[in-house]
Amino acid sequence: MLYLKGERPVVGHATTHLAARCGEYEAGFIDLREPCQELDVFYIPTRYPNGVPDGAPYEFFGPKHTERAAAAYAKVAAMSAPLFAHLDRGKAGT
């Protein structure tokens, strides 16, 4: 959304902060604070091999983590996807 509103540059990886900034344009993004916090917790430890102590990420994350992350993602996607729907119009099959 920030790019769609003309903001440049948009930097950062914390979805919590990005959603808060989007909330300045669309109030519904404020409601994404908790789902974004849930996703942000996974960013470093699941992405980098040294993100968890004494082991690999797969040893620390299991099905319950996956379910929580998927539920959080679904909430963020439901809020975000409509903002980009116009970009796909007329591009079927490309």
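Just order 59-67, 22-30 by mean Cβ neighbour count inside 10 Å, highest at the front, would you?
Per-residue mean Cβ counts within 10 Å order the peptides as 22-30, 59-67.
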Expected sort for 74-82, 46-54, 31-39 on mean C-beta neighbours within 10 Å, highest first, is 31-39, 74-82, 46-54
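From the helices alone, meaning DSSP H stretches of at least four residues, give me the mean residue ellipticity at 222 nm for the chain, per-run term -39500 (n - 2.57), in deg cm²/dmol to the nearest 500. Write out the running numbers ahead of the final one.
Numbers: 3 runs with 49 residues, N = 94.
The helix-only estimate for the chain comes to -17500 deg cm²/dmol at 222 nm.
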Computed FRET efficiency, Cβ-Cβ of A71 and E24, R0 30 Å: what is it to the nearest 0.05? 0.70
To the nearest 10 degrees, the tilt of helix 63-88 (Cα long axis) against the first principal axis of the alpha carbons of the chain is 20
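Read the figures in this text as sums done on the coordinates, not as results from a lab. Nothing here was measured: the structure is a model prediction, and the numbers come from that model. Here Cβ is always computed from backbone atoms with ideal geometry, including for glycine, and neighbour counts include all displayed protein chains.
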